[in-house]
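Visitor: There's a structure below that I have some questions on.
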Amino acid sequence: DYEAAVEHAERLGARSHTAVLTARLGDALIEAGDTERGERLLREVIDSTRGRHVEALPAARLFLISWLCVSGRTAEAREQVRALREEFRLAHYVVFDSFILGAEAYIEVAEGHDERGLGIAREAMRQAEDPLVAAMAPHLCASYAVLAAAALAGLDGARHARDAARCLGAADSWLPEGHRANLLERAARARAEDRIRQALDETAFEAAYAEGDGLSPEEAVALLDPA
């Protein structure tokens, strides 16, 4: 119960813990459908911690970026990504950078910059294979493959739709058992499948999707080269 935890941290005067818990509460509220309150809490955390190198600030920005992407406000999401990279120059921290790359890929694809989005998504997939990233967030490679599939399906008049469907099938097969997709992951998955189905009939989609089941990440990345 994040609300109870926030109240307890406030009583103790633990400001940094309060901010972290408030950011997590904001994200949980958005996932639960209370989007207005959740967004407000995330913005409050960002405003109250801006300029301080505390754990809550990047977490709140990442949560807000996800919600901005889902709600179609990609221009502001891009600005939040820019601010995040400026405030926390943690490119050496591969887990953090992997999350940012995923957000950047989503933004590019959502805005119709498919070639750029595909390149970023492929790089995000490569980073997601890093042992530390794979241990901490084993679903990320699959999530980024979905973004890559959406981008690939939009290139060259949907000429690569079959390979995009194969990549989507591969991504679904990699998800850890019991994984619960968040709002951003669900939105990305819906976008990818919709784009692919616009180019393929049901039979072609199902056949290509089934061919992707069991492909390795390396094999999927090879499919994502539109050359």
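Visitor: About its Cα centre, what dipole magnitude does the chain give when the only charges are +1 on Lys and Arg Cβ and -1 on Asp and Glu Cβ, stated in debye to the nearest 20?
Guide: 680 debye
Visitor: In addition: Suppose only helical runs count, i.e. DSSP H with n ≥ 4. What mean residue ellipticity at 222 nm does that imply for the chain under -39500 (n - 2.57) per run, divided by all residues and rounded to the nearest 500 deg cm²/dmol?
Guide: Here the helix-only value at 222 nm equals -24500 deg cm²/dmol.
Visitor: Moving on to the next point. Sort the following peptides by mean Cβ neighbour count (other Cβ atoms within 10 Å, averaged over residues), highest first: 196-208, 162-174.
Guide: 162-174, 196-208
Visitor: Express the relative contact order of the chain as a whole percentage, based on alpha carbon pairs under 8 Å and six or more residues apart in sequence.
Guide: It rounds to 14 percent for the chain.
Visitor: Another question, then. Normalise the Cα radius of gyration of segment 66-163 by 2.2 N^0.38 Å (N = residues in it) and let me know the number.
Guide: Compactness ratio reported: 1.07.
Visitor: Using only the Cα atoms of segment 90-227, each taken as one equal point scatterer with no solvent, compute I(q) by the Debye sum, divide by I(0), and report log10 of the ratio at q = 0.11, 0.14, 0.16 Å⁻¹.
Guide: -0.33, -0.54, -0.71
Visitor: Arrange the peptides 121-132, 30-41 so that the one whose residues have, on average, the most other Cβ atoms within 10 Å appears first.
Guide: Per-residue mean Cβ counts within 10 Å order the peptides as 121-132, 30-41.
Visitor: Take each of the peptides 72-78, 145-151, average the number of other beta-carbon atoms within 10 Å over its residues, and list them starting from the highest.
Guide: Packing proxy ranking, top to bottom: 145-151, 72-78.
Visitor: Could you calculate the contour length gain from Gln198 to Ala137, that is, 0.36 nm times the residue separation minus the distance between their Cα atoms, to one decimal place in nm?
Guide: Result for the pair: 18.8 nm of gain on full extension.
Visitor: Cα centroids of segment 121-155 and segment 162-227: how far apart, whole angstrom?
Guide: 12 Å
Throughout, read-outs are computed from the coordinates displayed, never taken from laboratory work. Bear in mind the structure is a predicted one, so any value in this text is a computation, not a measurement. Note that each Cβ is placed from the backbone with ideal geometry, even for glycine, and that neighbours are counted across all protein chains shown.
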